[in-house]
Structures are given as structure tokens and as C-alpha cells.
Amino acid sequence: MGRGLFLDIVDPWINWDWLSPHLPLILSALQDHITLTAIAVVGGLVISLPLGVFARQFVAARNPVLTVSGILYTIPSLALFSFLVPYTGLSGLTAEIGLISYTVLILVRNVLVGLEAVPPDVLDAADGMGYRPLARLLTVELPLALPAIFAGVRIATVTTIGLVSITALIGIGGLGQLIYRGQIENFHTPLVVGVVLSIALAFVADLSLAGVQRLVVPWSRSA
Amino acid sequence: MAFLSKVAAWFADPANWTGSSGIPTRLVEHLQISGESVAIAGVIALPIGILLGHYGRFGALALNVSNVGRALPSFGILVIAFQIFGLGDLPVILALTALAIPPMVTNSYVAMREVDPDIKEAAKGMGYRELAQLLQVELPLAVPLVMAGIRTSAVQVVATATLAAIIAGGGLGRYIIDGYGQQIYTEVFAGAVLVALLALATEVSLAGLERALVPRGIRLLRAPTAHRATTVKSA
Amino acid sequence: MNWKLRSAYLAVSIALAVAIGACGSTSTPATAKGTITVGGFAFSEGSVLAELYGQALQRDGYTVNFKLNLGNREVVAPALKSGQIDMYVGYAATDLEFYNNGAGEATGDAVATTAKLNSHLSSLNLVALTPSNTVDQNAFAVTKATADKYSLSKLSDLSAVASQFVLGAGPECKTRPFCLPGLESTYGLHFKDFKTLDTDGPLTRAALKSGAIQIGLVFSSDADLNSLGLVVLQDDKHLEAADNVVPILRTAVATDDAKTVLNNVSAKLTTADLVQMNAQVELLHQDADAVTKVWLQQHGF
């Protein structure tokens, strides 16, 4: 049992009686969290695949893309979300613009590194066999880049699951709503539930993606 | 553009460089909580990772602890730390230390495992006792990857220390949170710029430290380092 | 198959099950009376008031979306102006001084204050309804030990010791007329420092307890002050004004029917009721929506 800081009323870390009547609330928060994460990762992939291919094609773009993405990555997400609020409001759109920015920064790097890891001999062989550039990209280079891309997707997913909670401070939040409510009302149970579920979700997502990776690219070394 | 000149004006304003909410004060606060967290985490994580890697034990644990670390939601951890420990630096440092430990354990474990077994054999053959072998042969070879782990942790801690302001902590995050609470976006932007600069400075200076620590012979041995794998962002 | 693959499949199945469950979302169908989005401030009374007025509209047949814990007025007011939310429950004097940029028009007369508020709101296509008799003003609290040590019972007693005291509140306190600037001009108090904490939340209470601050902003309708050993200093020079609870809406949703319902709530709500509901949420950790539902049932909504 956890004693509240300074109240005589004991506030246990988990009040089990609170859980079952609030299951719809908890599941709704979890559902929002999953949706926000999924949109961010898929959206990030959709943007970073062409961007990574572009940076691969134009060698001059490579270092600027990597450097700029590395710098932008260090911008604290709370600052980015706060900054977007006057333009896109306290909305899921604001959250997604911020979240997708970070997934793109992660994924473009991994797409690029993955494409660069394709052995030049394989590229030569493909050219020799008569593959046109687009076909070569889609059927040779990208599949061979999949291990690195998958590693990026896993990192992007786990990162996003953590960042979604921060959006509670701009009125969105998923499981972060439970955490924020726990703080505002000095109430432990929703706080603990939010944190535990967030950790569990990250684990399940990471393991699932590892499983899918094993099925799709069985030749890759497990990350 | 007008906005950027307002931000420049914010930086130029001497009032923002003095007092308890001035840039130097906040910078020092930020460095202090970040530095203490990384140091404490290092004291705990490095011996564990190095020894586990040296003996080759509990590899799965050492590798998976970083999965656990990545899964911790920084916002939630900080709020829980406040609920347990109240205000001040202690809850912030504990939360940041928890986030800093996993990358250091994993990287130092992998660093020790990757030391060429032939070299270890040769050392044993030359008569090195175990502790001497660890300190004089294996560790120098492991330094680059160990330093990569420290660098990863340090940059992540510097970025996440921004959130300390949510539990009334100090540091550069105060500009972001207080600025948003008063809808003064020049302050939010300035805070973001300062944190990004500090994170980059941390990365660069630790890279420099690594270069200084890696013996010249080993630096020549290694191929140019590939881009470090992307790290998890927790703030 | 090996255990690693097995656990990977198990994880995928769990993930799929959760995702499928997530897809089966139930959204309430919009009713004939339309949808209203109610925003709430980021303190527990904010949730109570948002739920109270919002559920009254729900029981009258509106579809209500709740967006709670959005932040302070600096964050919530722009959301109302831009139409992201349709309504929030404000406090007459503080809202007046917010929308008139601190012009100092608020008085102790709730009706006059609200009328002045509406004169500023109309150009924004917003309207404030009839103010309730329920009042929640800013209040400044010290620990009992501090009050005893310095013989403090009212705010003017602070003039001797203010320079040794640190004031703690949310970030907006630095610019709000009923907060720091008001203490300086009405009482002549100049504090040693200002510490940004939260708006009437656990950070402020913890800071008072730990001595990080000596005086903190709380609300006059807080229910937990006694149990925390906190003493509110009396506002003897009447810095605070008519902070009567008043819903503020976009004119687009301010139909006669909606206004009737909301004014009905305001008419029946009392400060004692609000404090009671705050006690249930702050001390007993009951849900804001549950305690307001009980109140609405008891008062014929």
C-alpha cells in the first residue's frame, strides 16, 4: 500500500476496486494509444521510404539528410507539440504531426542504412540480369534492406508508444490521460495503470514486430 | 521570419540571462541533473555490463534490459517518482537514472563480447592474470562501444531532463512548459533550441572523449565506424 | 517449434486481438439536438464543473464530447475561440480580466461583471450565461506552522515577511491581476521569488509541505486544505472579485434550449455543493463524472 504524501487517507498504488468499473475508460485510453501509434508508424514509413530512396539516389543529399535528421531528433517532443498547438489546435492532428516527425527521423535513417548495406555485387548482378531501376529497387534492394527497416520500425514503435503519453499535456494522450489524471488528482491507481499498460504495450508491440520480422526476413540476425 | 527575430530578441534580452530563471541558471540545473543521473547510472550499469560480458553470463538478460528500458514511458516514470519522493532533484535523478542504465548495460556487454577471443587467448598465454587482462587488454578494446553506450544514455538523459519541469523540476524544460502555460511561444522555441544545442554538445564532447580514450593503435585497426544505430527517443 | 518463435506468435496474437478490439469502437450516434464539446481546466474542479454542465446537456438530449484536463485559460480560451471546444465553465471576474487584457473592470458584483464580460465576448462570437451564486476565488495558503510563526491570518499581515517568502503557483499567476500582480499592487507585497508549480495541484501542496515555498495559490472551494494543515489567509483588502461560476459558450451552440438547461444548473448549484463534490474527488478519489451524475439526479435533471 502506498501512503499518500501527506494525507491521512491511504491511497494504495492500485485500488483493485477501481479497476473493473473503469475498464471501459482504460480500454478506451488503450485503444486511442494504439491508434495514435499505428498512424504515426505507418505514416512515418510512407514518408520515409521515398525519402530514403531519394537520399540514396542523390549522393549529395545523403549527409545533409542524416545530419539534419540527427539534429531535429534532439528537439524535445513537448516543445514540438506545444509549438504546433496555435496552428493545429489541441487535436489528434497536432499529436500526429509531431509523432510522425519523429518516426520519419528514425525510419529515414534506417531505410538509408539498409539500402546502403545491399552488397554492390548483388546490384551488379541485378543490372546484369536486365533489371530496370524501379524493378531493381522494389524486388532486390528494398527486400534486402528489410532487416534494417524492421529494426527502425521496432524502434519507431517503442519510441512512439512512449511519446504518445506526453501528448496528454496538450489534451490528447491515450494512456497518458490516465497518467496525467493521476497527477492532477493525486490519485495513484490510474497513474499506475497508465504506466504499466504503456510498458506492456511496448513489449507486446516489440515482440510482435520481432515475430513478424522473423517470418518475413528469416535470414536477418535477430536484433 | 518575424517570429525568428522575436526569438533572437528573446536571446538578446539581458533579463533572460540573469536571475533564478535566467539561461545560465537553467543550464546549470539541467547539466547538474543530467550529469548526476548519467554518473550514477554509469556506476551501476558499466560494472554490470562489463563483468557480464567478460564472463559471458546472463547474455539474454543483458541484451533484453535495453528492451525494458526502451519501454519505460518517461512521463509516467517521472510522475510516479514525484508521487513517491515528492519534489526536488531526487525524483528526477532517480527517473533519469532508470532510463540511462539500460543502454549502458547492453552496450558494455556487447562491447566485451566482441573482443576477439584470439586476443584474449594470446593475453592469457602471455601470462596476464585475469584482472590485468580485463583492465589492460579487454577494456581498451571495448572502449569504443562502451563509450557509444554512455553517449546514447547521456544524450537521452539530456533530452528527457526537459520533462523534469512537469514535476516542478528545473532545467531548460521550464522554458518550454512555462512558455506554453503563458502562450509565449518565443520562450518555447528558445527552450527547444537550447535543449537541442545541449544534446548536440553532449554528443560531440563525448565523441571527442571517446577519441581521446581509444588507444591510437586500436583506432587505426578499426574501420570507420558505421552510423550508430538510431536510439530510442524518450522525450 | 522453439520457445522464441512460440512467444513471438503469442505476442502477435495478443497484438492482433487488441488491435481488433480497438477497431470495434463504439461511438455515440449524434442526436437530434447536436453535438457540444465541453472543455475542462487541468485541475480537479475543472473536471467537476465540465462534467456537471456537460452531463446536464447530455440528459437533455445533446451529444456531448468531453475534453478534460486541457490546461489553463491561456490554453483553453484559444481552443474556444477557434471552435475546437464549444464551451467551458469559467469564473466571471477572472474571465473578464482575461478577455479585457487586465483592464481592471471586474467588481464584486457578479451580474455587472458578467455583463462587462459579454461586452468583450460578443465580438468573438462567444457568450457568458447567467452567473451562478457558486463562487471559487483565488486564495493564498500557508502551512499552519508558518501562520503560527509569523502570526498570519490575513494577507496584509504578510507585508512584514513577504520579502522572505517564496510564492508558488501556476505559470499564469505571474500575469493574472488576481494573482501576483494584484498582490503587489493591492497589498504592496514583493516576494523573494516566484516558483512555477501547478494550478492548485499536488505540486503546490507538496512545495508548501516541504518548505520549497512559503505561500501558495489554492482555490477558495478546495476541500482538502484542512486535512493538509493549510491555512488560507483572508483577503482583507478585497483583491479578489466576483469569481462566480459561469459557463462560456460559442454563440453557435448557445440555443435557447441549451441556455435554459445550463442556467438551471447554475441556479441550483451552491458553493457548498461544489466543495462537497470537490471533497469526493480530491479526498475520496471518486470520479468527477460519477459525483456530478449523483448531483444532477438529486436536483431533478
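FYI, it's all coordinate maths here, none of it is from the lab. Owing to the predicted nature of the structure, the values given are computational and were not obtained by experimental measurement. As a convention, Cβ positions derive from the backbone with ideal geometry for all residues, glycine included, and neighbour counts pool all protein chains shown.
With unit charges on the beta carbons (Lys and Arg positive, Asp and Glu negative) and the dipole taken about the Cα centre of segment C:138-233, which residue among C:ALA139, C:HIS190, C:PRO202 sits farthest to the positive side?
Checked the options; the winner is C:HIS190.
Using R₀ = 22 Å, calculate the FRET efficiency as 1/(1 + (r/R₀)^6) where r is the Cβ-Cβ separation of C:ALA145 and C:GLU184; round to 0.05. Don't jump to the answer; show the numbers that get you there.
On the way: r = 25 Å, r/R0 = 1.15.
Computed FRET efficiency for C:ALA145 and C:GLU184: 0.30.
For chain C, return all DSSP H helices satisfying: extent of Cα atoms along own axis at least 24 Å; mean Kyte-Doolittle hydropathy at least 1.0.
Helix filter hits for chain C: C:3-23.
With springs only between Cα atoms under 10 Å apart, run a GNM on chain C and tell me which of C:TYR88, C:TYR99, C:TYR150 wobbles the most.
Per the Cα network of chain C with a 10 Å cutoff, C:TYR150 tops the list.
At most 16 other C-beta atoms within 10 Å and a DSSP loop state: those are the exposed chymotrypsin sites (Phe, Trp or Tyr not before Pro) I care about. Give me the longest piece of chain A that has none.
Result, exposed sites excluded: A:59-218.
Sorted by mean Cβ packing within 10 Å, highest first, what order do the peptides C:133-145, B:158-170, C:235-247 take?
Going from most to least packed, we get B:158-170, C:235-247, C:133-145.
Need one value for A:79-87: mean number of C-beta atoms belonging to other chains within 10 Å of its residues' C-beta atoms.
6
What spacing in nm lies between the two simple spin-label points modelled at A:VAL196 and C:ASN125, each 7 Å away from Cα in the Cβ direction?
According to this spin-label approximation, the distance is 4.7 nm.
What angle do you read, to the nearest 10 degrees and between 0 and 90, between the alpha-carbon axis of helix A:59-73 and the longest principal axis of chain A?
10
Nearest 20 debye, what's the magnitude of the dipole of the protein assembly as shown about its Cα centre given +1 on Lys and Arg Cβ and -1 on Asp and Glu Cβ?
Numbers: 48 positive and 55 negative charges, 483 e Å.
About 2320 debye.
Restricting to bridges with both residues inside the protein assembly as shown, how much of the DSSP beta-bridge set is antiparallel, in percent to the nearest 5?
55
Per-residue counts of other Cβ atoms within 10 Å, averaged by peptide: what ranking do you get for C:204-210, B:123-129, highest first?
C:204-210, B:123-129
Could you give the angle, 0 to 90 degrees to the nearest 10, between helix A:77-88's Cα long axis and the longest principal axis of the Cα atoms of chain A?
90
Can you find, among A:GLY92, A:MET129, A:ILE71, the residue farthest towards the positive end of the dipole of segment A:71-223? Put +1 on the C-beta of Lys and Arg, -1 on that of Asp and Glu.
In segment A:71-223, that residue is A:GLY92.
Average partner chain C-beta neighbours within 10 Å, per residue of A:206-213? Don't skip to the end; give the middle numbers.
Working: counts 4, 10, 11, 4, 6, 11, 4, 1.
The per-residue average across the peptide is 6.
Roughly how big is segment B:21-221's charge dipole about its Cα centre, with Cβ charges of +1 (Lys, Arg) and -1 (Asp, Glu), in debye to the nearest 20?
280
Mind checking C:204-213 for the average number of partner chain beta-carbons within 10 Å of each residue's beta-carbon?
4
Return the single residue from B:ARG57, B:ARG113, B:ARG151 with maximal mean-square fluctuation; model: Gaussian network over chain B, springs between Cα atoms under 10 Å.
Comparing B:ARG57, B:ARG113, B:ARG151 in a Gaussian network model of chain B, the most mobile one is B:ARG57.
State to the nearest 20 debye the size of the charge dipole of segment A:100-223 about its Cα centre, where the only charges are +1 on K and R beta carbons and -1 on D and E beta carbons.
My answer is approximately 220 debye.
By how many degrees, between 0 and 90 and to the nearest 10, does the Cα long axis of helix A:92-116 differ from the longest principal axis of chain A?
Value to nearest ten degrees: 40.
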